[in-house]
Amino acid sequence: MNQNEMNLGFSDQRLEEMLRVNRRNFFSKSALGIGSLALSSMLSPDQSELKANSAKNTGGILKKLHHPVKAKRVIYLFQSGGPSQLDLFDYKPLLNEQHGKELPASVRKGQRLTTMSANQASLPMAGSPFKFSKQGEAGTMMSDLLPFTAKIADDICVVKSLHTEAINHDPAITFFQTGSQIAGRPSIGSWLSYGLGTENQDLPTFCVLISKDTGGQPLFSRLWGNGFLPSVHQGVQFRAGKNPILYLKSPPGISSQSRRKMLDRLKELHEEEYQQVLDPEIEARISQYEMAYRMQTSVPEVTNMADEPEHVFEMYGPDSKKPGTYAANCLLARRLAEKDVRFIQLYHQGWDQHGGLVGGITNKCKQTDQASAALIQDLKQRGMLDATLVIWGGEFGRTNYCQGKLTPKQFGRDHHPRCFSIWMAGGGIRPGISYGETDEFGYNLSVDGMHVHDLQATLLHLLGIDHEKLTYKYQGRRFRLTDIHGNVVKQILS
């Protein structure tokens, strides 16, 4: 038994739930039902107060949100592997001038390197082989690798000063997705499901899409796991093919009516067990069975692209007709957003260019640039962008020096957590701006740094949540997504 558990063997959260259930049962089973009526009155505050600013009627734990809501949903385009900011958004002409020269010790400042480049005899600086130009009315600098993103320059905010604490992939991705480098914490989507609940009872609150056949660093289901939150809040992965969600389809010979009868009997058994042991996970299990039943109709509907007009496929690119590709997943993300799915997480692997950067990053941009821009344009023309927060970026950036031998086309860049770029759009974000700066070598922060917890705090703020107040008590401590750090970056808010 865990030392932090109480004498009866139950955690604080479990005991709290049991006491709540016992009180409810006592009142509801009283002879005249007076207690039940009184309890109902106490638990049902004035609905007019909650209507505009509440998560209670959607199943979320928050009875009232902390801030005015700017975003109703999030689409997170996670570029796994660490895209090179120096070849996409962070233009450094001095780096081109110093190409091939040793990284000055005054710039590195003795900061740690990964084991992949720490033992190199030299650290030659590598300028970008790609051309940069100003885009949009604001003149946002972008690489020629991003011709489609350049067209939406006035719709996005490019953050050039993000920084993280992790220098290797797994802890870095885990940090972004859960707020901790150590596995086991709830992911962002799980926190939002727990706090805000759902606005669509027929689809999961938290959906996960992974580009197929992209290679790169492995992704683990714990990245979209519920951690110590109830299991009903975990992400649900959609896959390419005829069966987007595993084990959802009924076996041959089982009709919808038979399935319904089976679930009704199973629910009765679970409710009987719940009355005896008062385990909240039993209620979660019942809820998930019911959701799966409803998804047998809703999932085929939302994943069937037959009703999309040809001009939409053309906007997202030819890959949008190939299930499981990044383009197809961006289009599916828009369809899920239309159905009021709260958090939609896309993962696209393969951005880890330790070598062969020129060809590697060119290929990744071809796979993602058009569809990413199309998603913003599509949401905007449908009047959905203002209520949808879109985030594009990876777990860290790349070094300004070459990993391995510096050659014209085969050089690579190592991991760089100290400063890198992402972009955001919609959902209360100021469009057409750049935030933060790095030094002239692109190695250290210069102005307005944004920590990972700052990004997470800002995300929650846009959804109406004070990041310090959405907590869950586990093993004697109240946990939150931003741990004990994080500040809302108000300069990027509209």
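The values are calculated or read from the model by the stated rules, or taken from the named source; none is laboratory data. Note that this is a predicted model, so its numbers are computed, not measured. Note that each Cβ is placed from the backbone with ideal geometry, even for glycine, and that neighbours are counted across all protein chains shown.
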Exercise. Looking at (1) among the polar types (S, T, N, Q); (2) surrounded by fewer than 24 Cβ atoms within 10 Å (Cβ to Cβ); (3) within 21 Å of residue 140 (Cα to Cα), can you tell me which one residue 475 breaks?
Worked result: (3)
Problem set entry | Long-range neighbours under 8 Å by Cβ, at least six apart or interchain, first residue in the same structural domain as residue 79 (by TED's automatic domain parsing) and among the aromatic types (Phe, Trp, Tyr) within segment 398-417, second assigned to a strand (DSSP E or B) and at pLDDT 90 or above | 401/124; 401/125; 401/413; 401/414; 411/402; 411/403
Exercise. Among the listed residues 310, 314, 301, which satisfies the condition of being over 19 Å from residue 379 (Cα atoms) and out of contact with any Pro (no Cβ under 6 Å at 6 or more places or on another chain)?
Worked result: 301
For this session: Please verify whether segment 455-465 includes one or more residues that are in contact (Cβ under 8 Å) with a residue 24 or more places away in the chain, surrounded by fewer than 21 Cβ atoms within 10 Å (Cβ to Cβ) and over 13 Å from residue 178 (Cα atoms).
Result: no
For this session: Answer yes or no: is there a residue in segment 233-252 that is touching a residue at least 24 places away in the same chain (Cβ under 8 Å), assigned to a loop (DSSP other than H, G, I, E, B), of a type in the set (A, V, I, L, M, F, W, C) and under 20 Å from residue 327 (Cβ atoms).
Result: yes
Exercise. Do we find a residue being closer than 24 Å to residue 86 by Cβ and surrounded by 24 or more Cβ atoms within 10 Å (Cβ to Cβ) anywhere in segment 428-439?
Worked result: yes
Seminar exercise, completed: Scanning segment 381-403 residue by residue, those in a helix (DSSP H, G or I) and under 20 Å from the mean Cα position of the chain (by Cα) turn out to be 385, 386, 387
Exercise. Given the conditions (1) under 30 Å from residue 379 (Cα atoms); (2) out of contact with any Leu (no Cβ under 9 Å at 6 or more places or on another chain), which single one is not true for residue 417?
Worked result: (1)
For this session: For segment 461-489, enumerate the residues that are outside any loop (DSSP other than H, G, I, E, B) and either over 19 Å from residue 158 (Cα atoms) or at pLDDT below 95 (or both).
Result: 472, 473, 474, 477, 478, 479
Exercise. Out of 152, 210, which single residue is within 30 Å of residue 298 (Cβ to Cβ), among the β-branched types (Val, Ile, Thr) and at pLDDT 95 or above?
Worked result: 210
Problem set entry | Per-region count, segment 190-232, residues in a loop (DSSP other than H, G, I, E, B) and either more than 24 Å from residue 366 (Cβ to Cβ) or in contact (Cβ under 8 Å) with a residue 40 or more places away in the chain (or both) | 23
Seminar exercise, completed: Residue pairs qualifying under the 8 Å Cβ cut-off, at least six apart or on distinct chains, with the first in segment 276-301 being among the polar types (S, T, N, Q) and the second being part of a helix (DSSP H, G or I), are 287/232; 288/231; 288/232; 296/256; 296/259
For this session: Kindly indicate whether residue 454 is among the acidic types (Asp, Glu), more than 30 Å from residue 123 (Cα to Cα) and assigned to a helix (DSSP H, G or I).
Result: yes
Problem set entry | Listing of helices (runs of 4 or more DSSP H) fully contained in segment 279-379 that carry 2 or more residues being surrounded by fewer than 17 Cβ atoms within 10 Å (Cβ to Cβ) and modelled with pLDDT under 95 | 280-303
